[in-house]
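First comes the structure, then the notes that go with it.
The values are calculated or read from the model by the stated rules, or taken from the named source; none is laboratory data. Values in this document were obtained by computation on a predicted structure and should not be read as measured data. Cβ: placed from backbone, ideal geometry, glycine included. Neighbour counts: every protein chain shown.
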Amino acid sequence: MIPTKPHAALLASPGLGHLIPMVELANRLITHHDFHVTIFVVTMEPTASNKPIDLLPKQPYTSPTLYNLVVLPYVDSSAQMSPSDKIMTRLAIMMRGYVPSLRAELGSMKHNPTLLVVDLFGTEFLSLADEFDMVKYVYIPSNAWFLAMTICVPLLDKQAKHVGPLNIPGCKRVEYDDILDPIFDPENKDYDAYVRIALDLGTADGVLVNTWEHLESKTLFSLKNNKILREIFNKRVYPVGPLVRPVSLDYLGGELLEWLDDQPKESVLYVSFGSGGTLSSQQTTELAWGLEMSQQRFIWVLRPHIEHDGAGALFHAMDGQGQIISQYLPHGFLTRTHNLGKVIPMWAPQTEILAHKSIGGFLSHCGWNSTLESLVNGVPIIAWPLYAEQNMNAALVEEELGVVIRPKVLPTKGVLGREEIKKMIIKVMEDDDGIKMRVRAKEVQKYAKEAFTIEGSTLKSFSEIANTCENRLTDQRAKASI
Ligand code: UDP
């Protein structure tokens with residue numbers, strides 16, 4: 001049946017870092033453009049809950065009754081993988097196994113879907129949009145610079161190992177240390193997976209990026225006008241950001257809110273490494289000492305060390321100041337820092353914490369969602385990138401906005417020592433540099449809000465997307481009536 005309003009099917013690849021941005025995109029399409037939305041979720045494990053809501057962290061996600069959340073039944077692709085395959089290759093193989101399930105779902109929907117949106121790992125599903133006469137977009141919950149780099153990857157010389165910075169026509173170059181791992185090793189299958197994604201992007205009707213004009217005007221201009229870039233990628237790029245989860249301070253509730261309310265304005269450092277980031281035991285110890293030696297107030301979302309990853313569930317079940325947690329920290333840390341900070345196991349209501357007036361800095365792995373959540377709240381960042389494009393995110397926000405400090409040695413290349421950690425914390429929380437960064441961060445916050453005004457890039461993008469879908473619906477109705 002042709003629906004009365006556009007029906008968007010959004011596909012999220014495994015991981016909360018992929019699901020959360022899709023949920024925010026859904027919320028925007030529903031509340032501002034009156035779309036009907038179904039989010040399809042791919043899980044990595046047979047044991048994952050079938051209740052979609054269990055996949056989301058226990059936070060006030062806009063009422064799940066607003067959209068449909070469908071977990072695609074688990075498909076086992078392990079036979080197609082080899083033990084040496086790395087994350088991108090594994091994701092690509094696994095996602096491919098779900099194409100038939102999504103096809104079946106799309107074919108059995110009561111209301112014909114109008115729009116298919118996939119993320120970076122779902123580009124192989126774009127051909128389904130042609131089968132069902134849908135508009136097709138890729139949503140990259142990252143920045144335009146990352147998109148520009150990605151579309152240039154097929155131009156690299158596969159015969160040669162990459163050395164030196166990466167030049168992107170019309171855009172800021174990517175410094176050697178910030179380049180994504182797969183690019184360094186053309187013999188690795190991840191390289192091929194990445195090239196395929198880059199080529200697939202060109203088969204979409206457009207690409208949505210979680211950025212806005214003021215943040216990346218030069219890159220967005222080049223993606224639209226640079227001759228070399230246009231020759232390899234001539235699709236529309238829609239800046240739709242900053243799309244971040246709306247804050248509900250009530251949710252903070254109880255003890256944590258009371259504690260934050262009692263702290264002086266902008267005096268607390270929030271420490272977190274995204275939805276899955278973990279540190280080694282040695283690095284956790286150094287961080288704990290760095291925090292303690294800085295004598296700054298803090299909230300630290302602590303995870304089991306990389307070496308003890310499987311301990312997550314038990315760890316999660318424990319109270320924040322419990323015995324299990326103390327085993328992961330230097331002896332006596334919790335007692336000595338009792339009046340200074342809070343250690344929260346596994347997961348915290350991050351957007352709410354960052355929006356609280358007592359927060360003055362964020363020690364972050366610089367995942368793009370975390371980075372944006374910091375920027376929209378005017379909070380400066382201590383960058384601690386761990387993987388994926390996080391080094392690039394840190395570089396972008398440092399060089400373009402001046403609201404980030406980065407350690408001398410990249411955390412991806414070695415252990416950061418307690419002295420340096422202490423210095424970085426004091427610099428952001430107490431020094432003049434930190435005060436200046438905070439002033440700049442407040443300016444960024446203002447520009448981020450402007451993206452959603454009538455003249456703003458984000459509102460314009462969403463209006464265009466909505467118009468394109470309305471036009472497709474009109475065509476479908478016309479065809480159906482013939
Ligand atoms: N997040 C959260 N609480 C936590 C850790 C993470 O709410 O304790 C959320 C965070 O607010 C962000 C997302 O998880 O929206 C993490 O996304 P990001 O892109 O920063 O990093 P990733 O997890 O993809 O590495």
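Report yes if some residue within the stretch 43-52 is modelled with pLDDT of 90 or more and crowded, with 18+ Cβ neighbours inside 10 Å; otherwise report no. Scanning the stretch 43-52, I find no residue that is modelled with pLDDT of 90 or more and crowded, with 18+ Cβ neighbours inside 10 Å, so the answer is no. Do you know which residues across the stretch 228-268 are within 16 Å of the ligand (Cβ to nearest atom) and of a type in the set (A, V, I, L, M, F, W, C)? Those that are within 16 Å of the ligand (Cβ to nearest atom) and of a type in the set (A, V, I, L, M, F, W, C): Val240, Leu243, Val244, Val247, Leu249, Leu252, Leu256, Leu257, Leu260, Val268. The one condition from (1) in contact with a strand residue (DSSP E or B) (Cβ under 6 Å, 6 or more places away or on another chain); (2) of a type in the set (Lys, Arg); (3) in a loop (DSSP other than H, G, I, E, B) that Lys136 does not meet is (3). Between Val271, Val207, which is more than 15 Å from the ligand (Cβ to nearest atom) and either crowded, with 22+ Cβ neighbours inside 10 Å or in a strand (DSSP E or B) (or both)? When all the criteria are applied, what remains is Val207.
Would you mind listing the helices (runs of 4 or more DSSP H) fully within the stretch 406-482 where at least 3 residues are free of Cβ contacts under 8 Å to residues at least 40 places away in the same chain and closer than 28 Å to Asp178 by Cα?
Because the criterion is at least 3 residues that are free of Cβ contacts under 8 Å to residues at least 40 places away in the same chain and closer than 28 Å to Asp178 by Cα, the helices (runs of 4 or more DSSP H) in the stretch 406-482 that meet it are 432-450.
Would you mind stating whether Tyr176 is among the aromatic types (Phe, Trp, Tyr) and exposed (fewer than 14 other Cβ atoms within 10 Å of the Cβ)? Spelling it out, Tyr176 is indeed among the aromatic types (Phe, Trp, Tyr) and exposed (fewer than 14 other Cβ atoms within 10 Å of the Cβ).
Scanning the stretch 274-296 for residues that are more than 23 Å from the chain's Cα centre (by Cα), surrounded by fewer than 18 Cβ atoms within 10 Å (Cβ to Cβ) and either among the hydroxyl-bearing types (Ser, Thr, Tyr) or within 16 Å of the ligand (Cβ to nearest atom) (or both) turns up just one, Ser281. Can you confirm whether Ile382 is more than 16 Å from the ligand (Cβ to nearest atom) and surrounded by 22 or more Cβ atoms within 10 Å (Cβ to Cβ)? No, not satisfied.
Being out of contact with any Asp or Glu (no Cβ under 9 Å at 6 or more places or on another chain) and farther than 28 Å from Pro407 by Cβ: is that true of Val247 here?
Numbers: out of contact with any Asp or Glu (no Cβ under 9 Å at 6 or more places or on another chain): no; farther than 28 Å from Pro407 by Cβ: yes.
When the stated conditions are applied, Val247 does not pass them.
Checked against the criterion of being touching a helix residue (DSSP H, G or I) at 6+ places or on another chain (Cβ under 8 Å), surrounded by fewer than 20 Cβ atoms within 10 Å (Cβ to Cβ), in a loop (DSSP other than H, G, I, E, B) and at pLDDT 90 or above, the stretch 144-163 has no qualifying residue. Considering the stretch 344-368, the residues that are near the ligand (Cβ under 7 Å from one of its atoms) and closer than 20 Å to Glu399 by Cβ include one that is surrounded by the most Cβ atoms within 10 Å (Cβ to Cβ), namely Trp368. In the stretch 397-417, is there at least one residue being within 16 Å of the ligand (Cβ to nearest atom) and within 16 Å of the chain's Cα centre (by Cα)? Checking the stretch 397-417: at least one residue is within 16 Å of the ligand (Cβ to nearest atom) and within 16 Å of the chain's Cα centre (by Cα). Yes or no: the stretch 130-139 includes at least one residue that is surrounded by 23 or more Cβ atoms within 10 Å (Cβ to Cβ), farther than 19 Å from Leu180 by Cβ and not aromatic (Phe, Trp, Tyr). Yes, there is a match, as at least one residue in the stretch 130-139 is surrounded by 23 or more Cβ atoms within 10 Å (Cβ to Cβ), farther than 19 Å from Leu180 by Cβ and not aromatic (Phe, Trp, Tyr). Does Ala79 meet the test of being outside any loop (DSSP other than H, G, I, E, B), away from the ligand (no atom under 16 Å from the Cβ), at pLDDT 90 or above and surrounded by fewer than 16 Cβ atoms within 10 Å (Cβ to Cβ)? Here the answer is yes, as Ala79 does meet what is asked.
The lone criterion from (1) touching a residue at least 40 places away in the same chain (Cβ under 8 Å); (2) more than 8 Å from the ligand (Cβ to nearest atom) left unmet by Thr335 is number (1).
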